[in-house]
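Here's the structure we're looking at; comments come further down.
The values are calculated or read from the model by the stated rules, or taken from the named source; none is laboratory data. Remember, predicted model here, so these are calculated numbers, not experimental data. Here the Cβ is made from the backbone with ideal geometry for all residues, glycine too, and neighbour counts use every protein chain on show.
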Amino acid sequence: MTNIPTEVVFKIRRFDPAVDQQPHREEYRIPYTHGLTVLDGLKKIKEVASPSLAWRSSCRMGVCGSCGMFINGRPRLACNTQITELGTNVVLVAPLPNFKIVRDLVPDLMPMFDAHVALHPYIVREDVKEQYEPTGEFFQSSHEVEQYLQFSYCIKCGCCMAACPTYATDATYSGPMPLTSAHRYNADTRDDGFKMRKPPLAGERGPWRCHYAGECSRVCPKGVDPGKAIQLMKRELVLDYLHLLKHGCPAKVGGAPKGIKRRDNIPDAPAPTMPNAPKIEPRSP
Amino acid sequence: MREERWWTWHILASVVILVFLGLHMVIMHLEAIVGIFNPEPGHPIEWANVLSRMKSAGFMVSYIVLLGAALFHGLYGLRNILFELNPGAGTKKALTFLFVVGGLALFAFGAWAAWQSFALAQAIPTTARSL
């Protein structure tokens, strides 16, 4: 934008299920300040014009994934979106599409998290005890780390789900975020949970409905590329069906490093803040 | 599990189609350069060339394989498109049943036609100029 605006017009979709029958749009005008983000604007509006305005946010730095919103026709993180990068001083803000609205800009993300949990998004191994009381580190080469590293940057903001044309119409489809998360663990050599994840993935909830529109990858604020993860997952499942998949999992446990002394200037770990806290039981695979 | 299996065959069928369509292009449109499966001089659709391919058991089998691959690939793709309209579970089952039965019927009819043309060609002398 060549001209810095003096005023920003926010057109916000409002909906309070206790009062409203249908969502409606309300307009607010706030002065532009240097570095103003959409989240800053919402906070200003809540402060000076509409205390009842509701949204989710937490970290203000694109890490927590709470403030996913539909901003000027595209799912984005409100905290990471500068007004100047929108190319206009009119900001259209709505809750993420493809989800029910809890209130104002708060979407109901539970269907996404239910689909996520159903695909066992965590390290699954036979040696459960080793995970919780490790005797060493798991061997993993830098090449093996690269196979899943990009997909581990996902912050579960739901922007990919809001952009997915298949998820918009097909309620049985798991969606880009849960599938990417499942692939992140399938591609991790420390994990041995492919067999556990396979039944839901190989069925109707799996990646088969995806026809690679690529919108999920385009809107992802963390550059995770869910579209790529889904295609890699399809390849993995096809190779598994053809008995051509090479299982290098799970990574072995390496012994404790030998001949290495602790540096003198590293302080001891602080004492547990809750010494009498109940011990967490390991999760069975 | 079924979707994984069907998707795999969908991909394998596309490879079969790609190979056979490539072969078709080579035989029909690159005859001057490659010149395979056209033993007689002239265009690939000259009667003598057509008859020689009809007499070939390999061609008869390839027609049936191509028919099966194209039917499966096309009908599975159409089923996916219809499933994106988000029909109910009962409609999905009915559509799947319809496509399986319809596909098998079309395949049986096409395979029978390929076999009949092969059998007919065996009865025609190579020197015959027309039916």
### Residue list for the stretch A:201-252, filter: among the β-branched types (Val, Ile, Thr), within 17 Å of the chain's Cα centre (by Cα) and part of a helix (DSSP H, G or I)
A:Val219, A:Ile230
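If I filter the stretch A:167-181 for residues that are surrounded by fewer than 22 Cβ atoms within 10 Å (Cβ to Cβ), modelled with pLDDT of 90 or more and not basic (Lys, Arg), do I get at least one hit? Walk me through it before giving the result.
If we filter the stretch A:167-181 for residues that are surrounded by fewer than 22 Cβ atoms within 10 Å (Cβ to Cβ), which is where we start, we get A:168-172.
Retained after the next criterion (residues that are modelled with pLDDT of 90 or more): A:168.
Still in the running and not basic (Lys, Arg): A:168.
Yes, that holds for at least one residue.
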### Task
Working carefully through the options B:Ser52, B:Ser62, find the one that is away from chain A (no Cβ under 14 Å), under 15 Å from B:Ala111 (Cα atoms) and hydroxyl-bearing (Ser, Thr, Tyr).
B:Ser62
### Query
When you go through A:Gln150, A:Gln140 one by one, which is the residue that is modelled with pLDDT of 95 or more, under 25 Å from A:Ala251 (Cβ atoms) and away from chain B (no Cβ under 14 Å)?
A:Gln150
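Looking at the structure I just gave you, is A:Gln21 on the phi < 0 side of the Ramachandran plot, surrounded by fewer than 17 Cβ atoms within 10 Å (Cβ to Cβ) and modelled with pLDDT of 95 or more? Walk me through how you get there before you give the answer.
Details: on the phi < 0 side of the Ramachandran plot: yes; surrounded by fewer than 17 Cβ atoms within 10 Å (Cβ to Cβ): yes; modelled with pLDDT of 95 or more: no.
So A:Gln21 does not fit the description; no.
Of the residues A:Ala269, A:Ala202, which is of a type outside the set (Phe, Trp, Tyr) and more than 14 Å from chain B (Cβ to nearest Cβ)?
Numbers: A:Ala202 fails: more than 14 Å from chain B (Cβ to nearest Cβ).
Exactly one of A:Ala269, A:Ala202 is of a type outside the set (Phe, Trp, Tyr) and more than 14 Å from chain B (Cβ to nearest Cβ), namely A:Ala269.
Can we say A:Tyr167 is touching a helix residue (DSSP H, G or I) at 6+ places or on another chain (Cβ under 8 Å), within 14 Å of chain B (Cβ to nearest Cβ) and aromatic (Phe, Trp, Tyr)?
Working: touching a helix residue (DSSP H, G or I) at 6+ places or on another chain (Cβ under 8 Å): yes; within 14 Å of chain B (Cβ to nearest Cβ): yes; aromatic (Phe, Trp, Tyr): yes.
So A:Tyr167 passes the test.
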### Task
Identify the residue in the stretch B:68-86 that is of a type outside the set (Gly, Ala, Ser) and touching a residue at least 40 places away in the same chain (Cβ under 8 Å) and, among all such residues, is nearest to the other protein chains (Cβ to nearest Cβ).
B:Tyr76
### Task
Kindly indicate the residue of the stretch A:170-192 that is in a loop (DSSP other than H, G, I, E, B) and within 30 Å of B:Lys92 (Cα to Cα) and also nearest to the chain's Cα centre (by Cα) among those meeting that condition.
A:Gly175
### Query
With respect to the numbered conditions (1) surrounded by fewer than 17 Cβ atoms within 10 Å (Cβ to Cβ); (2) modelled with pLDDT of 95 or more, which one is the sole condition not fulfilled by A:Tyr132?
(2)
### Query
Given the conditions (1) in a helix (DSSP H, G or I); (2) surrounded by fewer than 19 Cβ atoms within 10 Å (Cβ to Cβ); (3) without any contact (Cβ under 8 Å) to a residue 24 or more places away in the chain, which single one is not true for A:Met196?
(3)
### Task
Kindly check whether there is at least one residue in the stretch A:46-60 that is surrounded by 13 or more Cβ atoms within 10 Å (Cβ to Cβ), outside any loop (DSSP other than H, G, I, E, B) and at negative phi.
yes
### Task
Can you tell me which residue within the stretch A:206-232, out of those that are within 14 Å of chain B (Cβ to nearest Cβ) and of a type in the set (Gly, Ala, Ser), is farthest from B:Asn80 (Cα to Cα)?
A:Ala213
### Query
Looking at this structure, is B:Phe37 more than 14 Å from chain A (Cβ to nearest Cβ), surrounded by 14 or more Cβ atoms within 10 Å (Cβ to Cβ), hydrophobic (A, V, I, L, M, F, W, C) and in contact (Cβ under 8 Å) with a residue 24 or more places away in the chain?
no
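Taking the criterion of being touching a Lys or Arg at 6+ places or on another chain (Cβ under 8 Å) and of a type in the set (Gly, Ala, Ser), would at least one residue in the stretch A:86-93 satisfy it? Break it down into steps so the answer makes sense when it comes.
Let us first name the residues in the stretch A:86-93 that are touching a Lys or Arg at 6+ places or on another chain (Cβ under 8 Å), namely A:90-93.
Pick out the ones that are also of a type in the set (Gly, Ala, Ser) and you get none.
No, the stretch A:86-93 contains no residue that is touching a Lys or Arg at 6+ places or on another chain (Cβ under 8 Å) and of a type in the set (Gly, Ala, Ser).
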